[in-house]
Each structure stands twice: as structure tokens, then as C-alpha cells.
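The values are calculated or read from the model by the stated rules, or taken from the named source; none is laboratory data. None of these values were measured; they are calculated from a predicted model. We place every Cβ from the backbone using ideal geometry, glycine too, and count neighbours over all the protein chains shown. Just so you know, the surface numbers come from the protein's heavy atoms only, side chains and all, with ligands and any DNA or RNA stripped out. Shrake-Rupley method; radii C 1.70, N 1.55, O 1.52, S 1.80 Å.
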Amino acid sequence: MASLNVGNLGEYLREQRRAAQLSLRQLADATGVSNPYLSQIERGLRKPSADVLQQVAKALRISAETLYVRAGILDEREREELETRAVILADPSINERQKNVLLQIYDSFRRENGFVPGPDADANADGGAGPRKDAEPRKDAEPRKDAEPRKDAGPRKGDDAGADATEDQDPHS
């Protein structure tokens with residue numbers, strides 16, 4: 001069998017497997033992919049599918065996107081964009097609305113700099129619809145318990161500001 005042009009994917013997988021102190025058989029057991037097939041991937045004789053790469057990445061605890069780039073499935077810039085999105089979506093310190101707003105800002109900066117958002121730009125971590133351009137913040141959302149009240153702002157539209165608050169207050173009048 002002739003070696004396929006899959007970059008240095010096989011060598012990289014072998015290095016990662018050895019760094020994880022796994023035998024080929026142990027990796028096969030962890031991924032559900034046959035031992036001979038993994039061996040052929042490591043030797044550059046087979047080009048694995050994205051699904052197989054996902055399973056291998058999970059077993060080795062490495063980025064699947066990195067494997068996609070090395071296999072020629074994903075462009076380097078797309079990988080960086082996906083990883084940035086993944087970090088934002090995985091951050092437990094911000095809520096879903098904040099994540100969506102941050103992703104919208106990220107997309108607008110990328111467009112401003114000449115990059116078009118990738119095909120997954122509107123996908124959430126759970127695979128649902130991502131930030132919509134016409135979405136408004138949820139009015140039924142509970143305020144964060146640990147949030148300090150803002151000292152620099154008066155009542156805002158939608159806040160429970162009392163009976164005499166107006167929607168369009170001008171602090172300078």
C-alpha cells in the first residue's frame with residue numbers, strides 16, 4: 001500500500017499515544033477502532049474519517065480540531081476559530097446570553113478584519129441555534145445572585161424600577 005498524503009498525522013498520533021503511555025491495543029480498546037486500522041493510520045497508509053479522529057482525540061485527551069488540521073480536513077484558521085468558540089462556550093463564569101453576545105462581537109470583529117465566520121458560527125455547544133441577530137435578552141432570566149448592582153447606571157428598560165420610572169429617562173434633563 002502506498003503512503004497517503006495526510007501530513008504528519010500518523011507520526012503525530014504515534015507521539016501522542018506514546019506520551020499518553022498507551023499501547024496501540026489500549027488505544028484501540030479506548031476508541032472502539034480496530035488495532036490494525038489504527039496501525040495503518042499511524043503508518044500513513046489510511047486516511048481516517050473525522051469520526052475516527054474524534055474518537056482518537058477523546059481517548060488521547062487532545063484537540064480533535066488539531067487532528068482535523070493535520071489530516072487536511074480542516075484549515076488552520078478554521079481550527080483557531082473553532083477553538084476560540086469552544087473556549088467561550090465552555091466558560092462556566094459567564095451565562096448563555098453573555099456567551100452569545102461575546103460570540104456576536106467576535107464575529108463582527110472577524111468580519112471587520114476581512115474574515116468570514118465559519119459554517120459553525122451560529123452553532124451552540126449543544127448543537128442548537130446560536131446567537132441570532134434579532135434576538136433580545138430574555139426578560140424572564142433570573143438575575144445573578146453574585147452580581148453587584150451597577151452604580152453608574154439608573155433604571156434601565158425592563159428593570160423593576162418602580163412606578164415612577166419612565167422608559168426613556170434622560171439623566172441630563
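Here are the numbers for this structure:
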| read-out | value |
| --- | --- |
| Filtered residue count, the range 78-99, keeping only those that are farther than 19 Å from PHE115 by Cα, assigned to a helix (DSSP H, G or I) and out of contact with any helix residue (DSSP H, G or I) (no Cβ under 7 Å at 6 or more places or on another chain) | 5 |
| Any hit, the range 49-60, residues being among the β-branched types (Val, Ile, Thr), out of contact with any Pro (no Cβ under 9 Å at 6 or more places or on another chain) and over 25 Å from ARG85 (Cα atoms) | no |
| Where a residue in the range 88-116 is open to solvent by 40 Å² or more (accessible area, probe 1.4 Å) and its partner, wherever it lies, is modelled with pLDDT of 90 or more and not in a helix (DSSP H, G or I), with Cβ under 9 Å and at least six apart | LEU102/ILE94 |
| Members of the range 46-58 that are part of a helix (DSSP H, G or I) and open to solvent by 30 Å² or more (accessible area, probe 1.4 Å) | ALA50, ASP51, GLN54, GLN55, LYS58 |
| Residues of the range 59-79 that turn out to be open to solvent by 40 Å² or more (accessible area, probe 1.4 Å) and of a type in the set (Phe, Trp, Tyr), as a count | 0 |
| Residue, farthest from LEU53 (Cα to Cα), within the range 23-34, restricted to residues that are among the polar types (S, T, N, Q) and surrounded by 14 or more Cβ atoms within 10 Å (Cβ to Cβ) | GLN26 |
| Looking only at the range 69-87, and only at residues there that are among the basic types (Lys, Arg) and free of Cβ contacts under 8 Å to residues at least 40 places away in the same chain, the one that is farthest from LEU9 (Cα to Cα) | ARG85 |
| Restricting the range 35-45 to residues that are open to solvent by 50 Å² or more (accessible area, probe 1.4 Å) and more than 17 Å from LYS58 (Cβ to Cβ), the residue that is farthest from the chain's Cα centre (by Cα) | PRO36 |
